[in-house]
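Take a look at the structure below.
Where a number appears in this text, it was derived from the coordinates with a stated rule and is not lab data. Source: prediction; values computed, not measured. Because the Cβ atoms are built from the backbone with ideal geometry, glycine has one as well, and the counts that use them run over all protein chains shown.
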Amino acid sequence: MKIMKTLAATFLAVTVAAVMGVAAQDQTAPAEPAPSAPSAQEPAPAPAPDQTAPAQPAPDQAPASAAVTVSGCVAHEGDAFQLTDAKPAGDTKADVADAYTLVAGEGVNFAPHVGHQVELTGTSSAAGAGAPTLTVSALKMTAAKCQ
């Protein structure tokens, strides 16, 4: 009989503790709902006064990137590859820079072509202070040595 009373008291204590825990959770403030994305009908919020909108290029400026085909010499300095002595190639009529910092596109590997004359097709982007960047989509070696 004494064991039954002990078990009943233990069960009662556990039950009271559980009820008190649930009650304590109900008294906490509910989480604030996450802000919803603006709908198509709602206007976008205006930027704060200390934020500036991105600069838009003037209509008479060249586009920020353009597809080009250039020939030149692959060089390697530090952890970057460059195309030096760049000249228009193929049917490229756009102005090309004298040099480009190269970015390999899918399946393009510059390492085996360091010191080679190559023809590269890709998208050029103007760079800030350095050479423009050429993201290369195709590489063709035209000579084993730079000319």
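Figure legend. Inter-residue proximity from region 65-84: first residues surrounded by fewer than 17 Cβ atoms within 10 Å (Cβ to Cβ), second residues not aromatic (Phe, Trp, Tyr) and not in a strand (DSSP E or B), beta-carbon distance below 6 Å, spacing 6+ or different chains. Indicated pairs: 66/94; 76/114; 84/99. Annotation note: Cβ proximity below 6 Å between a residue of region 122-147 that is without any contact (Cβ under 8 Å) to a residue 60 or more places away in the chain and surrounded by 12 or more Cβ atoms within 10 Å (Cβ to Cβ) and a residue that is in a strand (DSSP E or B) and charged (D, E, K, R) (sequence gap 6+ or interchain) occurs for 140/119. Restricting region 86-107 to residues that are in contact (Cβ under 8 Å) with a residue 24 or more places away in the chain and over 28 Å from the mean Cα position of the chain (by Cα), which is surrounded by the most Cβ atoms within 10 Å (Cβ to Cβ)? Ranking the qualifying residues of region 86-107, first place goes to 89. Under the condition of being polar (S, T, N, Q) and either in contact with a Gly (Cβ under 7 Å, 6 or more places away or on another chain) or more than 12 Å from residue 120 (Cα to Cα) (or both), the residues counted in region 77-101 number 2.
Within region 89-117, being in contact with an Asp or Glu (Cβ under 8 Å, 6 or more places away or on another chain) and farther than 12 Å from residue 133 by Cα holds for 89, 90. Could you run through region 88-147 and say how many residues are under 11 Å from residue 74 (Cα atoms) and acidic (Asp, Glu)? Count: 1.
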